[in-house]
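**Student:** Questions regarding the structure given below will be posed in turn.
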Amino acid sequence: MRIVVVGGGMAGTIFANNLARRLSSELRAGKARITMLTASDRHVYQPGWLYVALGRMTPDELEREQASLLEPGIGLHVDPVKQFNLADNNVVTEAGKTHEYDLLVIATGSRPVPEDIPGLQENAIHCYSADNAMKFYDRLNEFKGGRILVTVGLPHKCPMIPLEITFCMHDFVRERGLLDKTEFYYTYPIGRSHSLENVAKWASPEFEQLGIRQETFFNLKEVDGANAVARSEEGSEIKYDLLVTVPPHRGQKVIEANNLGANGFIPTDRASLHMQGEHGNNVIVLGDTTNLPISKAGSTAHFEAEVAAENVASLIKTGRAVRAYDGKVFCFIEAGRGRATYAMFNYSKPPQPKAPNAAMHAFKMAYNKLYWASARGVL
Amino acid sequence: MDDHAVVDARGSFCPGPLMELIVALRRAQVGATIELLSSDAGSAKDVPEWLNKVGHMLERSEQDGQGVWHIFVRKMK
Ligand SMILES: Cc1cc2nc3c(=O)[nH]c(=O)nc-3n(C[C@H](O)[C@H](O)[C@H](O)COP(=O)(O)OP(=O)(O)OC[C@H]3O[C@@H](n4cnc5c(N)ncnc54)[C@H](O)[C@@H]3O)c2cc1C
């Protein structure tokens, strides 16, 4: 069985390592082969960019060599895929190499596209890459007071970032002694402050207590940089001094270019995680790349990867898949003032977030380091 | 109505049916109809509320035997 994994991010790496552990004897005997094709020789822990934006971490702390994270027996090629020939069971890379497969796993992630909204790229700061997170810090560091406006694009990865970035900036501004000169203005696309009802029920009173203004049903249409105004699809206009955005996202260009899914997100079966359509039988999709109506989060990628690896190993050993993905997601929520909470939910159970506390924040900080064990498939 | 796009947001707590609909409408052509599937009773209320604010049209909304809401929306601008 030739298994080709496209993408060496959270989903691809956890899947490949988990599978390699389950198939160690098959790999040694040459009965199975795992090849990973990816776009970078570095593996980045993206959740750390939030802390880079606040000056609490540096980008180098968030990176490891991709090769150092993989189980022996996984063949790594830093050579991105350019063409998916699903009818012929092969992919072609940028370097022109063809890789034949019996099973293909696509986990190429998602990318921020602030350029999709007129004026957003030029006028807003965000923390969705190391460079942007450092620019974010510079602008926040220079901030001397005024209105900080937060806008949220759809879809976006990490559903908690809108709340977290607001709470954390509030801390930053308070610690600089600028709170009395600053107004926080939080906006959100739907009729409450977060997509998860129970999280919104907790977050809105926290915002009120901190004097953070909230406007719901705000979907950004355009930013007028000359007048420092953000306008919504719903007809509202808000002036800003510092514009902070959670940009809208798309999947990778290569997914769109190969017509695998609108906006780069691949139609995926919610339980089996196989691609929908005629070639789905031997194509699995994991992580941000799916079009599933669940959070684009590292934990989603992790739980999906575990289910898929168990199924593929079982398929090879016994001829049958054994597990269905239940939509499980777990997200920490940084709540500011050294506290955090979390939300855990799946397709059928909504989350019941608890009051934030210091222990959960300490756990998140520890997880930022433990992630590397998780990527290796140990945790 | 036959070739309309379907957005299956059953079992979606986060991002949730309305956010899925907002994304799909952004992508759609003016005049296109989208059918939103939602298992969340809240959608029958918050989807029309948003449509009203933003200026797209609610064509109809109905619940099937399994309790799933089918909400048909037309992009108007
Ligand atoms: C600021 C920030 C904070 C976050 N916080 C959290 C959090 O607290 N909790 C949480 O659960 N999640 C969080 N996330 C989200 C999380 O990082 C992503 O959801 C997760 O990385 C998705 O994993 P993935 O494998 O799908 O994609 P990625 O990890 O993005 O990996 C994609 C991989 O595909 C490769 N690739 C791209 N194009 C090609 C190609 N053509 N051929 C081959 N390979 C290709 C890339 O090199 C990369 O290795 C956060 C994200 C950000 C940006």
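**Student:** Of all residues in segment A:192-237 being of a type in the set (Gly, Ala, Ser) and closer than 23 Å to A:HIS170 by Cα, which is surrounded by the fewest Cβ atoms within 10 Å (Cβ to Cβ)? Full working, then the answer.
**Tutor:** From segment A:192-237, those of a type in the set (Gly, Ala, Ser) are A:193, A:195, A:200, A:203-204, A:211, A:225-226, A:228, A:230, A:232, A:235-236; that's our starting set.
Narrowing the set further to residues that are closer than 23 Å to A:HIS170 by Cα leaves A:193, A:195, A:200, A:203-204, A:211, A:228, A:230.
Values: A:SER193: 24, A:SER195: 24, A:ALA200: 21, A:ALA203: 27, A:SER204: 18, A:GLY211: 11, A:ALA228: 17, A:ALA230: 27.
Result: A:GLY211.
**Student:** Still on this structure, please answer the following. As an exercise: evaluate A:GLY7 against (1) closer than 20 Å to A:ALA257 by Cα; (2) more than 8 Å from the ligand (Cβ to nearest atom); (3) surrounded by 15 or more Cβ atoms within 10 Å (Cβ to Cβ) and give the number of the one condition it does not meet.
**Tutor:** For A:GLY7, the exception is condition (2).
**Student:** If you go through segment A:276-295 one residue at a time, do you hit one that is open to solvent by 40 Å² or more (accessible area, probe 1.4 Å), part of a helix (DSSP H, G or I), on the phi < 0 side of the Ramachandran plot and away from the ligand (no atom under 13 Å from the Cβ)? Show your work before the answer.
**Tutor:** Looking only at segment A:276-295, we keep the residues that are open to solvent by 40 Å² or more (accessible area, probe 1.4 Å), and these are A:276-279, A:281, A:291.
Right, trim to part of a helix (DSSP H, G or I) and you get A:281.
When the remaining residues are screened for being on the phi < 0 side of the Ramachandran plot, the result is A:281.
From what is left, the residues that are away from the ligand (no atom under 13 Å from the Cβ) are A:281.
For segment A:276-295, residues open to solvent by 40 Å² or more (accessible area, probe 1.4 Å), part of a helix (DSSP H, G or I), on the phi < 0 side of the Ramachandran plot and away from the ligand (no atom under 13 Å from the Cβ): present.
**Student:** Does A:SER314 satisfy the condition of being more than 16 Å from the ligand (Cβ to nearest atom) and open to solvent by less than 30 Å² (accessible area, probe 1.4 Å)? Break it down stepwise before answering.
**Tutor:** Working: more than 16 Å from the ligand (Cβ to nearest atom): yes; open to solvent by less than 30 Å² (accessible area, probe 1.4 Å): yes.
Here the answer is yes, as A:SER314 does meet what is asked.
**Student:** Could I ask something else about it? Quick one: would you say A:LYS328 is free of Cβ contacts under 8 Å to residues at least 60 places away in the same chain and farther than 23 Å from A:ASN17 by Cα? Walk me through how you get there before you give the answer.
**Tutor:** Numbers: free of Cβ contacts under 8 Å to residues at least 60 places away in the same chain: yes; farther than 23 Å from A:ASN17 by Cα: no.
No: the conditions fail for A:LYS328.
**Student:** If I go through segment A:263-273 residue by residue, how many of them are free of Cβ contacts under 8 Å to residues at least 24 places away in the same chain and open to solvent by 50 Å² or more (accessible area, probe 1.4 Å)? Steps first, answer last, please.
**Tutor:** Narrowing segment A:263-273 to residues free of Cβ contacts under 8 Å to residues at least 24 places away in the same chain: A:263, A:269.
Subset that is open to solvent by 50 Å² or more (accessible area, probe 1.4 Å): A:269.
Residues flagged as free of Cβ contacts under 8 Å to residues at least 24 places away in the same chain and open to solvent by 50 Å² or more (accessible area, probe 1.4 Å) within segment A:263-273 amount to 1.
**Student:** Which residue, of A:ASP116, A:ASP171, is in contact (Cβ under 8 Å) with a residue 24 or more places away in the chain, more than 13 Å from the ligand (Cβ to nearest atom) and within 20 Å of the chain's Cα centre (by Cα)? Break it down into steps so the answer makes sense when it comes.
**Tutor:** On the way: A:ASP171 fails: within 20 Å of the chain's Cα centre (by Cα).
Of the residues listed, the single one that is in contact (Cβ under 8 Å) with a residue 24 or more places away in the chain, more than 13 Å from the ligand (Cβ to nearest atom) and within 20 Å of the chain's Cα centre (by Cα) is A:ASP116.
**Student:** For segment A:204-225, how many residues are within 13 Å of chain B (Cβ to nearest Cβ) and more than 16 Å from A:PRO118 (Cα to Cα)?
**Tutor:** Matching residues across segment A:204-225 total 3.
**Student:** Identify all residues within segment B:23-49 that are open to solvent by less than 10 Å² (accessible area, probe 1.4 Å), within 11 Å of chain A (Cβ to nearest Cβ) and farther than 16 Å from A:LEU196 by Cα; write none if there are none. Don't jump to the end; show me each part of the working.
**Tutor:** Residues of segment B:23-49 that are open to solvent by less than 10 Å² (accessible area, probe 1.4 Å), as a first pass: B:25, B:34, B:36, B:38, B:43, B:47.
Next, from what is left, pick out any that are within 11 Å of chain A (Cβ to nearest Cβ): B:25, B:36, B:38, B:43, B:47.
B:LEU25, B:LEU36 - these are the residues of segment B:23-49 that are open to solvent by less than 10 Å² (accessible area, probe 1.4 Å), within 11 Å of chain A (Cβ to nearest Cβ) and farther than 16 Å from A:LEU196 by Cα.
**Student:** Any residue in segment A:221-236 that's modelled with pLDDT of 95 or more: show its pairings with residues that are open to solvent by 30 Å² or more (accessible area, probe 1.4 Å) and not in a strand (DSSP E or B) at Cβ separation under 6 Å, as long as the two are six or more apart or on different chains.
**Tutor:** Final answer for the pair search is A:LYS221/A:GLU233; A:GLU222/A:PRO118; A:VAL223/A:ASN123; A:GLY225/A:GLU122; A:GLY225/A:ASN123; A:GLU234/B:LYS53.
**Student:** Still on this structure, I have one more. Pull up segment A:226-250, narrow it to residues that are touching a Ser or Thr at 6+ places or on another chain (Cβ under 8 Å) and among the β-branched types (Val, Ile, Thr), then point me to the one that is farthest from the other protein chains (Cβ to nearest Cβ). Break it down stepwise before answering.
**Tutor:** Keep residues of segment A:226-250 that are touching a Ser or Thr at 6+ places or on another chain (Cβ under 8 Å), which gives A:230, A:232, A:238, A:243-246, A:249-250.
So of that shortlist, the ones also among the β-branched types (Val, Ile, Thr) come out as A:238, A:244-246.
Working: A:ILE238: 15, A:VAL244: 19, A:THR245: 16, A:VAL246: 12 Å.
This residue is A:VAL244.
**Student:** Among what's in segment A:10-65 and is part of a helix (DSSP H, G or I) and free of Cβ contacts under 8 Å to residues at least 12 places away in the same chain, pick the residue that is farthest from A:ILE316 (Cα to Cα).
**Tutor:** Within segment A:10-65, the first condition is being part of a helix (DSSP H, G or I), and the residues that meet it are A:10-22, A:24-28, A:46-53, A:59-62.
Add one more test, that the residue is free of Cβ contacts under 8 Å to residues at least 12 places away in the same chain, and what stays is A:25, A:60.
Working: A:SER25: 12, A:ASP60: 39 Å.
For segment A:10-65, the residue satisfying everything is A:ASP60.
**Student:** Which number in (1) more than 11 Å from the ligand (Cβ to nearest atom); (2) within 14 Å of chain B (Cβ to nearest Cβ); (3) closer than 20 Å to A:GLY8 by Cα marks the one condition that A:SER110 misses?
**Tutor:** (1)
**Student:** Hey, another quick one. Starting from residues that are farther than 24 Å from A:TYR325 by Cα and open to solvent by less than 70 Å² (accessible area, probe 1.4 Å), keep the ones in segment A:358-379 and report whichever is farthest from the ligand (Cβ to nearest atom).
**Tutor:** Per the criteria, the residue is A:ALA358.
The values are calculated or read from the model by the stated rules, or taken from the named source; none is laboratory data. Predicted, not measured: the structure shown is a model, and the values here were computed from it. Backbone-built Cβ (ideal geometry, glycine too); neighbour counts: all protein chains shown. Note: accessible area is taken over every heavy atom of the protein model, side chains too, but ligands, DNA and RNA are not part of it. Shrake-Rupley method; radii C 1.70, N 1.55, O 1.52, S 1.80 Å.
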